[in-house]
1. For region 1-71, report the translational diffusion coefficient in µm²/s to the nearest whole number, using Stokes-Einstein at 4 °C, 1.567 mPa s, and a Kirkwood Rh over Cα pairs.
2. So what's the chain giving for Cα Rg divided by 2.2 N^0.38 Å, two decimals?
3. Taking R0 as 30 Å, what's the FRET efficiency between Thr99 and Asp78 from their Cβ-Cβ distance, rounded to 0.05?
4. For region 1-81, what is the relative contact order in percent, using Cα pairs closer than 8 Å and at least 6 residues apart in sequence?
5. If I take R0 = 22 Å and measure r between the Cβ atoms of Leu4 and Ser39 in this structure, what FRET efficiency does the formula 1/(1 + (r/R0)^6) give, to the nearest 0.05?
6. In region 1-102, which GluC sites (Glu not before Pro) are in a loop and have at most 15 other Cβ atoms within 10 Å, using DSSP for the loop call?
7. Okay, helix-only estimate at 222 nm for the chain: each DSSP H run of n ≥ 4 adds -39500 (n - 2.57), divide by all residues, round to 500 deg cm²/dmol; what do you get?
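Please treat every number below as a calculation from the coordinates, not as lab data. Only a predicted model underlies this, so the values are computations on that prediction, with no experimental measurement involved. Every residue, glycine as well, gets a Cβ built from its backbone with ideal geometry; the counts of neighbours run over all protein chains shown.
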Amino acid sequence: MSELLNVAQVAAILKCSEDTVVRRFAKLPGVVNLGTKGSLGKRRYRVLRIPKHVVEKFVGHPVTVPSLEHKRRQARKDWETQAIQGLARAVIENAEDPTSTELFKKLLVNARTLTLICWRG
């Protein structure tokens, strides 16, 4: 039996979006749909497993499956300095009075929120 690929792997091979892969491969013979059928008022979910030979037939030549591991970016040693300088630059460019104590109090109160937003973003 041929190796089964998920939608993300096939999208990486074809260099297209996952939605395009689902549309093009959902009804091809050999493709396994593990999703739900959907009925009146219910959304249909497609979870496809696509055999490698089906992808090769679609493309017309043998394919290699790329690794989809996401590597965590290495933090620079001077990241704190760069972050502080970026914040100072934003204050200078946007504040009417960059030396305002009120402004720095607001920044201090909202610092944790700012880190969470930047961390998730």
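1. Numbers: Rh = 12.8 Å.
For the chosen part, D equals 101 µm²/s.
2. Values: Rg = 24.4 Å, N = 121, 2.2 N^0.38 = 13.6 Å.
Here the Cα radius of gyration is 1.79 times the empirical estimate.
3. Numbers: r = 25 Å, r/R0 = 0.84.
Efficiency at R0 = 30 Å is approximately 0.75.
4. On the way: 83 pairs, mean separation 26.6, N = 81.
The normalised contact order for region 1-81 reaches 33 percent.
5. Numbers: r = 27 Å, r/R0 = 1.23.
After rounding, the FRET efficiency stands at 0.25.
6. Working: sites: Glu3, Glu18, Glu56, Glu69, Glu80, Glu93, Glu96, Glu102; in loops: Glu3, Glu69, Glu96.
Sparse-neighbourhood loop GluC sites (Glu not before Pro): Glu3, Glu69, Glu96.
7. When only DSSP H runs of four or more count, the value is -14000 deg cm²/dmol.
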